[in-house]
Amino acid sequence: MRRLRPVRDPATRFLIAVNAGIFAVQLYVGPSWIRVEDFLGLTESGLRSGAFWQLVTYQFLHANVLHILMNMLGLWFAGRELEPVIGTRRFVILYLVGGVVGGLAQMFFSSGPLIGASASVCAVLLALTSLFPNMPVMALLFFVLPLRMQARTLGLGMVAISVLVWISGRMPEVGHMAHLGGFATGWVFGLIYRRTLGEDGPDYEESVPPSLPGDEPASRRGATSFDEVLAKVMSQGIDSLTRDERRVLEEGRSARRRG
């Protein structure tokens, strides 16, 4: 009987499932859900009255199908690559703290209501791009045209767009400061986590040693160091790792937690 491979991104899948489940309930309940949003969505008046749970609950509500679809696609893209590297516990903390910081940032500039996982997803995306700035990624320009770029370029582009749209005053219904608060959280997390891995942290290109004539490619002979495994995860995904490489990844993460 074939053994099932353990899931390496359980929190990513769980968060997507929870968000989708809550949205399904929203659709089922219909217009009367507005009263629930008033209670669980983030508002300045709610915070002033002590409803601090709104800083978390608002992250799991969405306005429409496009809203939740874009957020969950971003979470799936970044989460399935980031969570296996930093660990499930850190990933969940990053997700929730990014949402809290983004929510507070938005409340400085508006009274709400604010709903959506955008700030949380922005934190995850920026953490990934700041940890592995040279990782090649495929982005969809105008959600249609595939465009290959470095993760650093994607991160800077997302931040720049949020800043420019916020300054222009366009799309006032969007929580631009929530996005920027999430981006800031992800950047700070990436900066701190890179320092725990060394002076400069992992780098996509520098993590893979140059091949010598006659050497087998690292992707065929198997990565043997923690940095090589990280590079392989970033270039080929977590599913590409062999059993030995997964062991190297787990041992490397455990050693850094003890350190």
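FYI, it's all coordinate maths here, none of it is from the lab. From a predicted model like this one, the values you see are computed outputs, not experimental measurements. Quick reminder, even Gly has a Cβ in these numbers, built from the backbone with ideal geometry, and neighbours come from all protein chains shown.
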Check: Amide H to amide H under 5 Å from Asp9: which residues, 5+ apart in sequence or cross-chain, H placed 1.01 Å off N in plane?
Finding: none
Notebook entry, point to check: Ala63 versus Arg48, label points 7 Å from Cα toward the beta carbon: distance in nm?
Noted result: 2.3 nm
Margin query: Between Arg152 and Ile93, how high is the FRET efficiency from 1/(1 + (r/R0)^6) when r is the Cβ-Cβ distance and R₀ = 35 Å? Nearest 0.05.
Written below: 0.90
Item checked: Inter-site label distance for Phe14 and Val174 at 7 Å from Cα along Cβ, in nm -> 3.1 nm
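Which FRET efficiency value, to the nearest 0.05, do you get for Leu73 and Arg247 by plugging their Cβ-Cβ distance into 1/(1 + (r/R0)^6) with R0 = 22 Å?
On the way: r = 31 Å, r/R0 = 1.42.
Computed FRET efficiency for Leu73 and Arg247 comes out at 0.10.
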Notebook entry, point to check: With a 10 Å Cβ neighbour count serving as the proxy for reagent exposure, in which order, fewest first, do Leu96, Leu164, Leu180 appear?
Noted result: Leu164, Leu96, Leu180
Next item on the list: Give a residue-ordered list of calculated ³J(HN,Hα) values for the stretch 59-74 (Karplus: 6.51 cos²θ - 1.76 cosθ + 1.60, θ = phi - 60°; whole Hz; x for Gly, Pro).
Entry: 5, 10, 10, 9, 7, 7, 5, 4, 4, 6, 5, 5, 5, 6, 5, x
Next item on the list: In nm, give the distance between the simple-model label positions of Val25 and Arg195, each being 7 Å from the Cα along the Cα-to-Cβ direction.
Entry: 4.0 nm
